[in-house]
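Heads up, the thing below is written out as structure tokens.
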Amino acid sequence: MQLITERLFLIPLQPDGMRTLLARTTDPELIQPYTDMLDLSLAHPEQWVWYTAWGLYQNDSGDWVGDLCFKGLPENGQPEIGYGLLPEYEHQGYATEAVRAACRWAFEQPGVTAVEAETDPDHAASQAVLHRVGFVPTGTVGAEGLFCAKSLDSIAKSALSPLHLPQLVP
């Protein structure tokens, strides 16, 4: 399965892909989250796509741009999304494109009513990504920072060109 956007393709990583990602990760702050993603995707094989990292790759070159993940699919139907890019791909719209595609995919899944995200109150670029995709601040501060939510209504009202809609490829 993969999502295809104007400039990216997004692929949820199978366990071997997660192990490869872990092996090449040099950022100590990412080792534990990636380990948790792998462990949870293996513990929940029926919902692995909600726990694993999704690789973000450039369409034209196949280069790794970054990754995103959902942090499980809770019973309330409001998964949380997280994302990150390699520094050389920041500030080029890739995060916005990837988060938009992943949210659209999530809203096509049964039972999903909202997607949530947290961002550091001082991280203006991440807040801008969420704003462009249609997230709105909830006024709550969570463990990772400012808490934002995106409802199905907000995505339906967002002005997205048909050229930017992701395509699902099995």
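Observations
- Being within 23 Å of ASP27 (Cα to Cα) and out of contact with any Ser or Thr (no Cβ under 7 Å at 6 or more places or on another chain) is a description that applies to ALA95.
- Among the residues making up region 114-136, a single one is surrounded by fewer than 21 Cβ atoms within 10 Å (Cβ to Cβ) and touching a Leu at 6+ places or on another chain (Cβ under 6 Å): PRO121.
- Check on THR25, closer than 23 Å to TYR94 by Cβ, among the hydroxyl-bearing types (Ser, Thr, Tyr) and touching a residue at least 60 places away in the same chain (Cβ under 8 Å): no
For (1) surrounded by fewer than 22 Cβ atoms within 10 Å (Cβ to Cβ); (2) in a loop (DSSP other than H, G, I, E, B); (3) at pLDDT 95 or above; (4) polar (S, T, N, Q), each residue gets a yes or a no:
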site: CYS69; (1), (2), (3), (4): no, no, yes, no
site: PRO74; (1), (2), (3), (4): yes, yes, no, no
site: GLN78; (1), (2), (3), (4): yes, yes, no, yes
site: GLU88; (1), (2), (3), (4): yes, no, yes, no
site: GLN92; (1), (2), (3), (4): yes, yes, yes, yes
site: ALA102; (1), (2), (3), (4): no, no, yes, no
site: PRO110; (1), (2), (3), (4): yes, yes, no, no
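- Considering (1) in contact (Cβ under 8 Å) with a residue 12 or more places away in the chain; (2) out of contact with any strand residue (DSSP E or B) (no Cβ under 8 Å at 6 or more places or on another chain); (3) within 20 Å of PHE107 (Cβ to Cβ), the lone condition that LEU38 does not fulfil carries the number (3).
- For region 51-66, the criterion of being on the phi > 0 side of the Ramachandran plot, at pLDDT 95 or above and assigned to a loop (DSSP other than H, G, I, E, B) is satisfied by at least one residue.
- Of all residues making up region 4-36, the number that are part of a strand (DSSP E or B) and of a type in the set (Val, Ile, Thr): 2
- Residue among GLU88, GLU97, GLU46, GLU75 that is under 20 Å from ALA125 (Cα atoms) and more than 16 Å from the chain's Cα centre (by Cα): GLU88
- Failed condition for TRP54, given (1) in contact with a Cys (Cβ under 9 Å, 6 or more places away or on another chain); (2) loosely packed, with under 14 Cβ neighbours inside 10 Å: (2)
The values are calculated or read from the model by the stated rules, or taken from the named source; none is laboratory data. Bear in mind the structure is a predicted one, so any value in this text is a computation, not a measurement. As a convention, Cβ positions derive from the backbone with ideal geometry for all residues, glycine included, and neighbour counts pool all protein chains shown.
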